[in-house]
Structures are given as C-alpha cells and as structure tokens.
1. Answer rounded, prolate or oblate for region B:59-104, using the Cα gyration tensor with square roots of eigenvalues a ≥ b ≥ c: rounded when a/c is under 1.5, else prolate when a/b is larger than b/c, else oblate.
2. Hey, with R₀ at 51 Å, roughly what FRET efficiency would residue B:157 and residue B:374 work out to, going by the Cβ-Cβ distance, to 0.05?
3. What does the C-alpha gyration tensor say about the overall shape of region B:223-368? Classify as rounded when a/c is under 1.5, otherwise prolate if a/b is larger than b/c, or oblate.
4. Run the quick spin-label model on residue A:132 and residue B:426: label points 7 Å from Cα toward the beta carbon, then report their separation in nm to one decimal.
5. Any idea how far apart residue B:46 and residue B:188 come out in nm if each label point goes 7 Å out from Cα toward Cβ?
6. Give me the tail of P(r) for region B:123-345 as a percent: Cα-Cα pairs with distance above 26 Å.
7. Separation of region B:296-355 and region B:103-140 by C-alpha centroid, Å?
8. Which FRET efficiency value, to the nearest 0.05, is calculated for residue B:104 and residue B:282 with the Förster distance at 45 angstrom and r the Cβ-Cβ distance?
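Just so you know, all these numbers are worked out from the coordinates, no wet-lab data involved. Computed from a prediction, not measured in an experiment: that's the story for all the values here. All Cβ positions, even for glycine, are placed from backbone atoms using ideal geometry, and neighbour counts span all protein chains on display.
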C-alpha cells in the first residue's frame, strides 16, 4: 500500500517532467554547445578524461590509481543525481573521468550494464532530465545510437550510462533510470519490438 | 547518500526479518529467468529462489542463441553468474518440467512459480513443400552452430550449391547469413561449435538471399547488425535501387521511428556502395530481396525430397491502420534456385500440461506477468502464484535487455500479490524439490556442476586458440558436470 503510494507519487513527477518538455531536446541542442569552449580552457581535464576512458576498456579499472599521479585532481568530483523509478533523487559524488555506469555501480544504484561497457546492449540507458545538461554532452557515436535505438523507453535526451563520462560542467546533472513499472503504468509507452 | 543507505538498510532488515521464507521457483535460466531472480532477490529479502532448466547448462539463448562472433553480448553471463551464486539463489540444470516433474507439483512446492522457458519451437509458413530436406528453421541452424546438445547432429548440407535462401529479415536472419558468409578464419577463435566450423570451412555457399515480405523501411533487423555485415571483408551487399523508393506511408513510419529511419539510411548507403566494388574470385554476396513472399518450395528433379528453390510472389504494401503497412500478394511469381533454405520467421513457445496457452499467439495468456486462465463460463481468472516472463509472456521479440523491463513488470505483479497476502501458506520449497528429484532419480546439475563444464570447455578452447570449445552432447555435458 505504502509502496503503491510512493510509486504513484514518483509517476506524477515523471509526468510533470514530460510536460515541462525535457523530452524534446533535439531542436535546441546545437544552439547551446559549450563543450568546445571548455576544452580550450582546461586541457588537463580533457587528458584525464581520455585516460579514464582508456582504462575503462581495459577492465578492472581503478580511477584512483590512474589519477593519483596528477596530484590535486584526484579529489575533483562532481555531483550526479540519479532519479530512480519512484522519483527519488539520489545524489552521488563522482570523480571526473568516471563513467555514469561505473558511478552507479560504485554507489549501489540499480543500473544494469549487461555487456560491461562494450556497446553491445542498451541496459545502462539513462535519460538526461534537463536539456541544458544534455547539450553539454558530446554527440553519441553511431555505435551508441545503434544501441539507443533498442533502448526501452527511448527519449530525445537518452544516453548510455557507459558512454557518459563525468566532467565539471555536468555537476548537478539529473539522470532518470527508465523503469518498466513506471513506463507501463503511466507514460503509456509501448516498447519497440526491436 | 547516507539517508538513502539508511533507508535501504532499514527496508532490507524489515523485509528479511519480518516474514517466513518466500519460496520461488523460476523455470528457465535465460535472461528472463535471471533478471526475474535478480529483481526478486533485491525486492524480497525473504525470497529463496531455485532456477531450474531442462539443459545441464544455464543462460538460455545467451549460450545457444547469441552468435559466436558476438562475444561482447555474452558478457551478460557474468552478471547472471553472480545472481546464481547469491546465497538465496540456486541453479538446478537437467531438470525437465513436464517429464521429471509436473507444473502442479511445482505449484504445490513453491509460493511463486515463474515460467521463463522461452520459445523452443518455430512458426510454420504453412506452404507446400515445407517438409523437403534442406529446409531448416533458423533456430535449428543457430542451435547447431552454437553446439546445443539437441541439434549438434543436424549436419546441414552446405556443399550442394553456392546459394542459400533465408526467409525473414530480422536479426536472426542476419545472424545466420553472417555465419554462412563470414570468412571462417574470423570464426575460428570464437566459441562456435567445432562441427559447425568444419562444415563452414568446406561450405560452397557464396550467395545468400534474405527475403522480406515488406520493404527496407519495415525490415526487422537492427542497425548494429546491419552495420556489422556491411563491414565484413569480401562481402558484397546487393540491394535493388528500385526497392529503396519510399511512399508517403513509408515516410510516416520513418518519422515515427528513429530506428527505422537509421536502418533505411544504412541500407541506402549500402546500395549506393554496391555498384562500385570490383569483382573478386572469393567474393561473397548478400542479397536483400524486398517485397517477396514465399508461395511454395520447389523439389529437385534429380534428388527427390530435396529442396531446389523457392517460388516467390511479389508483394505490395497496403496501409491497414495508422502507421502500419502489410504486404499483399500481386499474383506475380518468380523462382529462386537454392540448395538450402533457412526459415527465420519467428520462434514459438511450447505449451506444457496444466498451463493455459494461447496457441494463436504462441504465448501464455497473462496480465502484467500474472497467468490468466478461462473458466468454463468464459470468465478469465488469475492462476494464483503462477507468473510468466520473457518470450513465453510477450512473444519472441526484443533483445536481452528487454527482459530487464519484462522482469521488472512481472516482479512488480508478484510484489503486489505478496502484499495482498496470497503467499502465506507453508510450502516445502527447495527441500521438497530435492526430495522429489531424488525419488525420481533425476541427476540434477547444480551451479558447481556447471562450473566444471565451464572450466572444461574453457580448457578445451585454450588448446585450440578459441574462447571456448563447447561440449555438444548430453553425455559429455553430464559427464563433465559429474567429474
């Protein structure tokens, strides 16, 4: 009974968000790109991001070991807010360079990652809840888009958690985790057959 | 964060301490079964789960369906293994529902029974000549190259001609086409079954035709798989330019689906590139044939009983409802010669005794995963404690990840029913199952048995520079598990 009430409350939040238009980001995305500018001003962080991505592919990735050589940056973290299926906001501190998928796992957030970041599934699908933040991300690659095509509950601001890497401008970004119970019950969303 | 953690711990504490064990049996250990187990373990601290499977090996289609050249997709096995090793979860392979034990017995033993045994049969075309030799379902062919113990002796003849026809244009069609056409040197290091690799090395198939009733806008394949075949060395993709013409109805379909639009664009790109390639002696061709439906299979004159081709009827699209177009025959026919046909038109679930079944849809009738039966008066009612997940619940569509959401829905229904107090009776659970299996002399394979199979396969694989060399007979699998 209580659980039911909570989920209805969460559903209402999601409905509201949909109304506020976070689902229609494509039209404005190119107007607000600030990433290029950011790269010119902070080359250090860019390098660190890449290092982290490389080590991700090598598996058994330990962010702290790769960043410890860089002194102060070890402690540089941003806040990412996961929004679960009940609409509950769960803020977590994430080191620059870490992927959203890893950040979720380190913080016991229920986000799958079936293919282990090899771009062979879409189970780490997250929805960037604010267009402004979505526009700060690099464009998804063809390979990411191929998997997003199959993602459950795809929106205009969907991304794969394994491909979104923490960087300073993303501080405060809110990421919704798609949910069957929410989508089936409220949004009237019909999953695509493929 | 700490608030979240505290709330989490409190809910865990109460759910595990406040009630008796909830005995759950999940039938089928593929993605639907494992995701259901995972979600139940997380949601119910009192749940004790047994996952049973008719095979000695777990993981369902991740092991026997996913193509050998898609190792990344199989990473899901790592996650599933963690679930199987959870202290409140057990795996028992080589246990067959319907023969070793009855559904009614399982329902007596467990509070909750979730059927997630997938779709182990095939849809039929229902056209003349379907029983000729040389015609297989794609499922049989896939199980053969993936070393499924029921199909390791299929021995499809790949040397009779240079042409194979695949009916269907979904991802299964594309998988079997790719395995037929990919250079075997690229398959040699995968976990493809040894018997399949040898047969493919000697294969004379150089041309594969993928036949679809509808057009490139409606093709059921996905962009990733299409991009992959477009990238295979020496493989030339052929698409008729005229098939790429789109109607306003097609435009509308693409507007409503970014996936369809991206697939259409990829096919167009492939068609444009096709004209520019040089002929190569070892060239392999993949022909996308749109707007054709099979009318009958042709029998060879020299070898009676053997397929020699397919008679195809041309089709056009008709809009039936908003956004949906179906293919209708035009009465114009043509023959396509080949020595092998693979039907990739869809899987079908198999009913078991005592289970409501919708034969038309090939699924178990259900509402949000709750199995529903019809009373003699025609009124539908819930079957208490009986649930479905995966292909048995929603039909054979979707990818591994689809089961994540499918399981969430089924587990949501289970949780609601538990909250309403439908699972309060005392059940024997695992202990009862063990006694029953013992009494019937069923040689179950538990997860440590699977780990022995796994270790043996990996060791055999390393001797041959492969990821894994699968054990492909029941005998070998059971022997390895018992070693």
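1. Numbers: a/c = 4.13, a/b = 1.50, b/c = 2.76.
Oblate shape, in that a/c is at least 1.5 and b/c is the bigger or equal ratio.
2. Numbers: r = 46 Å, r/R0 = 0.89.
It comes to 0.65.
3. oblate
4. 6.1
5. 5.9
6. On the way: 9042 of 24753 pairs.
More than 26 Å apart: 37 percent of the Cα pairs in region B:123-345.
7. A separation of 20 Å, based on Cα centres.
8. Values: r = 58 Å, r/R0 = 1.29.
Calculated transfer efficiency: 0.20.
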